[in-house]
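J.: Below you'll find the structure I mean.
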Amino acid sequence: MEKKASKLSMTIEDMRALLQQSLKPKRYQHSIRVYETALKMAEHFHADRQKVALAALLHDCGRQIPKEESVAKAKELEIPVDTVEEAQPILLHAKLGVYYAVHKYGVSPDNTEVLDAIRYHSTGTADMTETAKIVFLADLIEPGRDFEGVEEIREASFQDLDKGMLLSYDNTIRYLLEDGLLIHPDAIAGYNQMAAKCKTVQNKKGKK
Ligand SMILES: [Fe+2]
Ligand SMILES: [Fe+2]
């Protein structure tokens, strides 16, 4: 009981220290850049700073499990593994991250906004909260990221989160297709929602 109580009172600094011990240096440094980028976005969009900070810092905490071991680990923890995750186990770090956020970093299981942001940071999904969109985008646009189209996504993400999301899905899905990889249904659901929404806006603009 006592142990649990101390975990719940873990500060962001405590979490940072624990994360540094748990992840490889490159992954830890990436996490810090995502955290800093997400906080800039939270300020820009007047989002919930505390929730964004927690989710951004911990988004990759599931990476403490090597991808080769993640299917076995998920099964051991009774985390459901779908067919796409079975084929591309790297995706499982998001679900494992939810587990470690609660059991290792003391995030309350009721803090669904933070846990869902961690859960969907890799695939995206439909009906994401502002916190989840910020974490998803910060993960892609943090200053260490360098891929074709990143500048466009960076710019869009600070203009309008949905526009940033649509460009991100577009870019990621193209990359997955080019590499012959599977596309998670959550990503398709997220893409469809953003494409329909942004298209409606465009159509309305066109009619004016
Ligand atoms: Fe990740
Ligand atoms: Fe990440």
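The values are calculated or read from the model by the stated rules, or taken from the named source; none is laboratory data. Keep in mind the model is a prediction, meaning the values are calculated, not measured. Positions of Cβ are backbone-derived with ideal geometry, glycine not excepted, and every protein chain shown enters the neighbour counts. Surface accessibility is based on the protein's heavy atoms, side chains included, excluding ligands, DNA and RNA. Shrake-Rupley method; radii C 1.70, N 1.55, O 1.52, S 1.80 Å.
J.: Go through (1) within 14 Å of ligand 2 (Cβ to nearest atom); (2) in contact (Cβ under 8 Å) with a residue 40 or more places away in the chain and name the single condition R145 misses.
T.: Failing condition for R145: (2).
J.: Right, another one. All but one of (1) free of Cβ contacts under 8 Å to residues at least 24 places away in the same chain; (2) among the β-branched types (V, I, T); (3) not in a loop (DSSP other than H, G, I, E, B) hold for I79, so report the exception by its number.
T.: Just one mismatch for I79, condition (3).
J.: Starting from the range 117-141, keep only residues that are touching a residue at least 12 places away in the same chain (Cβ under 8 Å), then list their pairs with residues that are surrounded by fewer than 22 Cβ atoms within 10 Å (Cβ to Cβ) and of a type in the set (K, R) whose Cβ atoms are within a distance under 6 Å, requiring at least 6 positions of separation or different chains.
T.: T131/K51; I141/R154
J.: I'm checking my understanding of the structure. Among residues of the range 86-140 that are away from ligand 2 (no atom under 15 Å from the Cβ) and of a type in the set (V, I, T), which one is surrounded by the most Cβ atoms within 10 Å (Cβ to Cβ)?
T.: Here the residue is V114.
J.: I need a count of the residues in the range 55-70 that are touching a residue at least 12 places away in the same chain (Cβ under 8 Å), open to solvent by 30 Å² or more (accessible area, probe 1.4 Å) and not basic (K, R).
T.: Of the residues in that region, 2 qualify.
J.: So which residues in the range 86-116 are more than 16 Å from ligand 1 (Cβ to nearest atom) and either free of Cβ contacts under 8 Å to residues at least 40 places away in the same chain or under 18 Å from S31 (Cβ atoms) (or both), if there are any at all?
T.: If the condition is that a residue be more than 16 Å from ligand 1 (Cβ to nearest atom) and either free of Cβ contacts under 8 Å to residues at least 40 places away in the same chain or under 18 Å from S31 (Cβ atoms) (or both), then E86, V102, H103, K104, G106, V107, P109, D110, T112 are the ones that fit.
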